[in-house]
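Q: I have a structure I would like to understand better, so I am pasting it below and will then ask my questions one at a time.
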């Protein structure tokens, strides 16, 4: 019993470290898209690890934490996807180090295809 | 002992709330100001939890930091041309 | 001795004063509405912290709090109930103010308060 | 500049006033008589384990009615001011991922909202919180399918029906039981069950539906407001 709780506490600590790294990424990354990526990936993993640790500490509540985990798994990537798409549509510039922009080329190809069909 | 921890958390929360409030009043970009006002509400809901008021905390988290920010952004979207 | 109530009372009052400061000094209409919401939040924190009593739990009777000794174990439920309705009304009033802001910005083509001449004399 | 200085002096005066209020403040040890009466008798009289619910629905039920009326007035004034005149607004089509996720998430969110306001007499939660969660589900639907319009008449019918039921239950309390919104209209049941506390779950159901449809109506009106076309 006691050992399981200790392991759970360490897992929660690992999750909080991931969340801290995500926060650091928000400050250090050069442009919006990199910041979104750092924030989402690190915070999703951090939240999931925290929930797993909480299940170890308090096993009676596993169903509630499982529901929370499913909710986080669905909502977090979707919201970051929507944010990135909206900022791309608002024409926020990429950082200077960025090499390619696949979404831009995809949009151009789609436009050309629609144009070609029309004419 | 536990109450000491509560006091420390409350002090940190209060300082962060006041910083966000100053940001909400003085930041030049309106979107940043709106998000800062939402953050004030979110941190205030944690403060309600410390004050043993879970009902109020739920309401504040759902309404103050969720719906009101959305309403502000809809209104901002309608008047986007007059950013001055 | 510093206790939780003093900190939350102080936070609420300072938030209220900051909101009033923003309400009077800012020129942008949306900033004025934001100042109003800050005053709202400050008053709510003030009211809830007035109802708080040290070392007591939330006003819910369950396994931890028996019904017979509830009056010695729970905090004051009345300010919480009042704040509960006040938050919802605050949202409604904020929406109403934003509607007027949208209207005024549409009519006068500006968000700056100094440009509204129609009520000046 | 002189204006700001004056305002600063004014606020400093208000701060000093509040400061004297704080320094006189004594940390409370006991509840005041009304609150201790509610804490002692609330469970017996209403059957609600959550005392905040007991105060909101039973002891201060008229305040709740007034609050709901204020919200209704706000929503109708908003709809009056933001009448849509031109054709339809064009929004950017949202992505496939968001559409699929919203189809997956909306039932869960609506279920969570209903859970929150049906369990309002046992756990933290209630009509206002549940209504806000319902409105957020509708906002997600707006975000996912921005060009589909949601029928305003459905919102209006839900709102009017639940408001009317709220008042009817209150008046039935006057006729059949002890007073306006008396919860002993129905048998109290055993404390801790879902079906207990008399009419409180039913009242909270209607409050939740009303608050949810009103908040959704506010967002709908702001969404379809005419955009600023000048310049």
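Each value in this text was obtained by applying a stated rule to the coordinates, not by laboratory testing. Computed from a predicted structure; not experimentally measured. Because the Cβ atoms are built from the backbone with ideal geometry, glycine has one as well, and the counts that use them run over all protein chains shown.
Q: I'd like the orientation of helix C:29-50 relative to chain C: the angle between its Cα long axis and the longest Cα principal axis, in ° from 0 to 90, rounded to 10.
A: Its long axis makes an angle of about 20 degrees.
Q: What angle do you read, to the nearest 10 degrees and between 0 and 90, between the alpha-carbon axis of helix B:68-78 and the longest principal axis of chain B?
A: On a 0 to 90 degree scale, this one is about 10.
Q: Averaged across D:107-120, how many Cβ atoms of other chains sit within 10 Å of each residue's Cβ atom?
A: Averaged over the peptide's residues, the number is 1.
Q: With springs only between Cα atoms under 10 Å apart, run a GNM on chain A and tell me which of A:49, A:26, A:68 wobbles the most.
A: For chain A, modelled as a Gaussian network with Cα springs under 10 Å, the answer is A:68.
Q: Still on this structure: Just grab the label-to-label distance for residue C:110 and residue A:114, each label 7 Å out from Cα along the Cβ direction, in nm (one decimal).
A: Output for this residue pair reads 4.0 nm.
Q: Which FRET efficiency value, to the nearest 0.05, is calculated for residue D:100 and residue C:24 with the Förster distance at 41 angstrom and r the Cβ-Cβ distance?
A: Rounded to the nearest 0.05, the efficiency is 0.25.
Q: Can you give the extra length, in nm with one decimal, that the chain gains between residue D:17 and residue D:149 once fully stretched, where that is 0.36 nm per residue apart less the Cα-Cα distance?
A: Going from the current span to full extension adds 42.3 nm.
Q: Can you give me the distance in nm between label points at residue A:83 and residue D:30, each placed 7 Å from the Cα along the Cα-to-Cβ direction?
A: My value for the distance between the label points is 5.2 nm.
Q: Counting alpha carbon pairs within less than 8 Å and at least 6 residues apart, what relative contact order, in whole percent, applies to segment D:62-152? Don't skip to the answer; put the middle values down first.
A: On the way: 58 pairs, mean separation 27.7, N = 91.
Worked out over segment D:62-152, it gives 30 percent.
Q: Peptide D:211-224: average number of partner chain Cβ atoms within 10 Å per residue?
A: Details: counts 3, 0, 0, 2, 8, 1, 0, 10, 5, 1, 3, 12, 5, 1.
Per residue, the average neighbour count from other chains is 4.
Q: Based solely on C-alpha atoms, express the radius of gyration and the Dmax of chain A in angstrom.
A: 20.0, 73
Q: Suppose we keep just the alpha-carbon trace of segment D:48-163; what are its Rg and Dmax in angstrom?
A: Rg, Dmax (Cα atoms, Å): 17.2, 52.
Q: Still on this structure, I have one more. Pop the C-beta distance of residue A:29 and residue C:100 into the FRET formula with R0 = 30 Å and round what comes out to the nearest 0.05. Each step should come with its number before you reach the end.
A: On the way: r = 40 Å, r/R0 = 1.32.
After rounding to 0.05, the efficiency reads 0.15.
Q: Along the Cα→Cβ direction, 7 angstrom out, place labels at residue B:73 and residue B:5. What is the inter-label distance in nm?
A: A separation of 3.5 nm, rounded to one decimal place.
Q: Rank C:94, C:85, C:41 by mean-square fluctuation in a GNM of chain C with C-alpha springs under 10 angstrom and give only the top-ranked residue.
A: Maximum among the listed residues: C:85.
Q: Could you tell me which of rounded, prolate or oblate describes segment B:2-78, using a ≥ b ≥ c as the square roots of the eigenvalues of the alpha-carbon gyration tensor, with rounded for a/c under 1.5 and, failing that, prolate when a/b is larger than b/c and oblate otherwise?
A: oblate
Q: Same structure again: How far is helix A:62-89 tilted off the main Cα axis of chain A, in degrees rounded to 10, range 0 to 90?
A: 20 degrees
Q: Test of understanding: in a Gaussian network model of chain B with alpha carbons linked when under 10 Å, which of B:56, B:69, B:12 would top the mean-square fluctuation ranking?
A: B:12
Q: Quick one: check the C-alpha center-to-center distance for segment A:8-38 versus segment D:1-60, whole angstrom.
A: About 39 Å separates the Cα centre of segment A:8-38 from the one of segment D:1-60.
Q: Compute the normalised compactness of the protein assembly as shown: alpha-carbon radius of gyration over 2.2 N^0.38 Å, N being the residue count. Provide the component values of the computation, followed by the final result.
A: Numbers: Rg = 25.0 Å, N = 555, 2.2 N^0.38 = 24.3 Å.
Against the compact-globule rule of thumb, the ratio is 1.03.
Q: Now, a different point. Rounded to the nearest 500, what is the 222 nm mean residue ellipticity of the protein assembly as shown from helices alone, with -39500 (n - 2.57) per DSSP H run of 4+ residues and division by all residues?
A: -24000 deg cm²/dmol
Q: Under 15 Å from the 7 Å Cα→Cβ point of residue D:10, by amide nitrogen: which residues of segment C:13-49?
A: Only C:17-27, C:36 fall inside the zone, counting backbone N under 15 Å.
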